[in-house]
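Read through the structure below, which is laid out as structure tokens, and then see the notes.
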Ligand SMILES: NC(=O)c1ccc[n+]([C@@H]2O[C@H](COP(=O)([O-])OP(=O)(O)OC[C@H]3O[C@@H](n4cnc5c(N)ncnc54)[C@H](OP(=O)(O)O)[C@@H]3O)[C@@H](O)[C@H]2O)c1
């Protein structure tokens, strides 16, 4: 499979990449920080024993400018994408009263509009695959009825939007045979969690979530379409 992973430079995306480096898949790793990306790609290639991972350094924010560089760069490394994992995300935690409009916009830009634009840009690549799948990484924070936390209104709303978009796109791409599903993660120990909730210890490590995600990306998605599955072992 050819698997494109955004946010592959650290956290869950990096662990997913390492889990998928078994020699069976071609990995296209996307993030802004070239050095971190190259390190993860190097580790993937070492694990696989061959050049399975390529890096595509890109700021997903640029997709909002109708920038075509991403597609050009992608076309240089592959003709088709079997699985697109929209994993890159952004969290700003602060009370709504303190939020500036441009901060709200940047959260929605990275968590909602960039994944939508990337999916759009990847459509020709996905349509060349016989088993195309888009997997959106959402959050329990964006699931209706889940426990909510002060300071996460904008982040949670953006993940709620991603959840709804997942259901809609599954319907829209049905005739093109492209499955679209989402996973709503509970807390996972990463830089994002450390910055948002300093000192909080999650039940799940990034490696554990990377292992689960690797299974879903290669196998699990085949049983689903238009679903956003809660992946959390804490209650409520
Ligand atoms: N950790 C949790 O508890 C948790 C819970 C629920 C859901 N999630 C979701 O899981 C996903 C991964 O989170 P994480 O915890 O692994 O976060 P993380 O450690 O902060 O990693 C975020 C990744 O996204 C990339 N990224 C951010 N902005 C970008 C941009 N403008 N362009 C390109 N890449 C960008 C970062 O790379 P660069 O900085 O190098 O660009 C990094 O690789 C996110 O969607 C998050 O919302 C996480």
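Bear in mind that the values in this text are calculations on the coordinates, not laboratory data. What you are looking at is a predicted structure, and each value in this text was computed from that prediction instead of being measured. Every residue, glycine as well, gets a Cβ built from its backbone with ideal geometry; the counts of neighbours run over all protein chains shown.
Calculated on the alpha-carbon coordinates, the convex hull of the chain measures out at 120 cubic angstrom per residue. Comparing mean-square fluctuations of 111, 45, 136 from a GNM of the chain with C-alpha springs under 10 Å, the top value falls on 45.
Taking other C-beta atoms within 10 angstrom as a stand-in for reagent exposure, 164, 218, 55, 69 fall in the order 69, 164, 218, 55, fewest first.
What FRET efficiency do you get for residue 102 and residue 33 if R0 is 22 Å and r is their Cβ-Cβ distance, rounded to the nearest 0.05?
Efficiency computed from Cβ-Cβ geometry: 0.50.
In terms of other Cβ atoms within 10 Å, 228, 54 run from fewest to most in the order 54, 228.
Computed from Cα positions, the angle between helix 153-172 and the longest principal axis of the chain comes to roughly 40 degrees. Entry note, region 1-116: relative contact order of 29 percent, from Cα contacts under 8 Å with a spacing of 6+ residues. On a 0 to 90 degree scale, rounded to 10, what angle separates helix 206-218 from the longest Cα axis of the chain? Taking the Cα atoms of the chain, the angle to 206-218 is about 50 degrees.
Arranged from fewest to most other beta-carbon atoms within 10 Å of their beta carbon, 52, 30, 81 become 52, 81, 30.
Distance between the 7 Å Cα→Cβ label points at residue 71 and residue 22: 3.4 nm. Taking the DSSP beta bridges with both ends in the chain, the antiparallel portion is around 0 percent. If R0 equals 35 Å, the separation of the Cβ atoms of residue 205 and residue 172 corresponds to a calculated FRET efficiency of about 0.50. Using only Cα atoms and rounding to the nearest 10 degrees, what angle (0 to 90) does helix 11-20 make with the longest principal axis of the chain? Around 30 degrees separate the two axes.
Here the relative contact order of the chain, from alpha carbon pairs under 8 Å that lie six or more residues apart, stands at 20 percent.
You can think of it this way: the chain between residue 149 and residue 79 has 20.9 nm of extra reach, that is 0.36 nm per residue less the Cα-Cα gap.
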